[in-house]
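Peer 1: Got a structure for you, questions after.
The values are calculated or read from the model by the stated rules, or taken from the named source; none is laboratory data. Here the structure is a predicted model, which means the values were calculated and not measured. All Cβ positions, even for glycine, are placed from backbone atoms using ideal geometry, and neighbour counts span all protein chains on display.
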Amino acid sequence: METPPFQQDIASIPATDKQGRRLRRSLILLLLLLGALLYLYWVLTRPPEPVGATKAPGVESLFSIYGFGKERLREPNGVAVSKSTGNIYIADSGNSRGVVFDRSGNFLFKFGQPSAKIPALHQKKVLYHPLSISVDESNGDIYLASALAKKISVFSKTGRFKRDMFVDNPIKVKVVGNKLYVGTDGSILITTLKGKVLKKWGTKGKMPRQFEYPAGLDLDKKGNLIISDSENNRIQILNKKGALVGGVGEPTRSLNQADRLFGLGMGLALDDKQRVYVVDAFHHSVRVFDHNGADFGELGRQGSADGQFNYPSDIAYAGGDVFAIADKWNDRIQVVRLTPPNKPVPKSTTKK
């Protein structure tokens, strides 16, 4: 009687068949391991998706912009909102480009010639890791600042390249009327829209009227310049002549100092009531002050759900109580309604 195949002596199987089976098993294990690694990479790097409205102090999420089609935003660092059209302008830093959406979050166009490396000095048209963005309301021109490329690039309202203006370490750019306000690593420049320097205020340092990474700029109704002096843990206010007329906070000895005003204050914006809204990257929140410097505390908390933030870097006022926030490490722009408390928050209850 013939022995069933499954009872055959393994030793009788030809060596070549054994090797083939071992090779196939090894290949299968290798493919399984590769699949597991690819899945892990996807989980760790995939952009966050909205997961439904979540209650966060003083924050109501209206909608988020993650990208368009299959193209995603990557670590957007700057945001601006046109007062006339409501369009949302994004410095899509990780993708080295600019992107524009309408007031409802619908994609309009992208622009700029992205570069994967720092462009050579005076290399035109190329964008590299833009940090901030602003729009000229008079003609729609778009300005992007890149500290690493040492220039401010200007594009038309349709995204056509117009010119580069070369500036040392431009961090924040803000168009107001016919002037350009530029925060560099150590000073504030006021220039024409063509880049001619009209005024230069301050130097690098920690003394009054000195600056360390001024990441936020806006003007109040009196023409005073409000400056988020990020690495000095303070806000400084300069009048039209560049004299220091106010501010809150002061430089600290270390990031661990218990009485720090901000974790890391970044971009800022003023609303119609002249309240100052500062995004705090390390506290994952928005801190609010009135025009006299009274502290109304922090709005929001860390997370990836709607209404939460993960290292926000910039904020733009969209009218009423609505703001667009560059929620940097959530890879999105979040449009939110912010509702500060009616009264200032006692110092003992503010987060440090």
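Peer 1: Could you figure out which of (1) under 23 Å from residue 146 (Cβ atoms); (2) in contact (Cβ under 8 Å) with a residue 60 or more places away in the chain isn't true of residue 227?
Peer 2: The single condition residue 227 does not satisfy is (2).
Peer 1: Somewhere in the stretch 29-50, is a residue within 28 Å of residue 300 (Cβ to Cβ), at pLDDT below 95, surrounded by fewer than 10 Cβ atoms within 10 Å (Cβ to Cβ) and of a type in the set (A, V, I, L, M)?
Peer 2: The answer is yes, given that some residue of the stretch 29-50 is within 28 Å of residue 300 (Cβ to Cβ), at pLDDT below 95, surrounded by fewer than 10 Cβ atoms within 10 Å (Cβ to Cβ) and of a type in the set (A, V, I, L, M).
Peer 1: Name the residue, out of 178, 139, 169, that is among the polar types (S, T, N, Q) and on the phi > 0 side of the Ramachandran plot. Let's see the steps before the verdict.
Peer 2: Numbers: 178 fails: on the phi > 0 side of the Ramachandran plot; 139 fails: on the phi > 0 side of the Ramachandran plot.
Being among the polar types (S, T, N, Q) and on the phi > 0 side of the Ramachandran plot holds for just one of 178, 139, 169, which is 169.
Peer 1: Right, residue 269: within 15 Å of residue 183 (Cα to Cα) and in contact (Cβ under 8 Å) with a residue 12 or more places away in the chain or not? Spell out the reasoning first.
Peer 2: Values: within 15 Å of residue 183 (Cα to Cα): yes; in contact (Cβ under 8 Å) with a residue 12 or more places away in the chain: yes.
For residue 269, the condition - within 15 Å of residue 183 (Cα to Cα) and in contact (Cβ under 8 Å) with a residue 12 or more places away in the chain - is met.
Peer 1: Still on this structure, I have one more. Tell me which residues, restricted to the stretch 121-153, are surrounded by 20 or more Cβ atoms within 10 Å (Cβ to Cβ) and of a type in the set (A, V, I, L, M, F, W, C).
Peer 2: 126, 127, 131, 133, 135, 142, 144, 145, 147, 149, 152
Peer 1: To continue, here is another question. Taking the condition at pLDDT 95 or above, at positive phi and surrounded by fewer than 24 Cβ atoms within 10 Å (Cβ to Cβ), does residue 94 pass?
Peer 2: Numbers: at pLDDT 95 or above: yes; at positive phi: no; surrounded by fewer than 24 Cβ atoms within 10 Å (Cβ to Cβ): yes.
Against the criterion (at pLDDT 95 or above, at positive phi and surrounded by fewer than 24 Cβ atoms within 10 Å (Cβ to Cβ)), residue 94 does not qualify.
Peer 1: Does the stretch 245-252 contain any residue that is assigned to a strand (DSSP E or B) and within 29 Å of residue 102 (Cβ to Cβ)? Can you show your working first?
Peer 2: Taking the stretch 245-252 first, the residues assigned to a strand (DSSP E or B) are 245-249.
Going one step further and asking which of them are within 29 Å of residue 102 (Cβ to Cβ), we end up with none.
For the stretch 245-252, residues assigned to a strand (DSSP E or B) and within 29 Å of residue 102 (Cβ to Cβ): absent.
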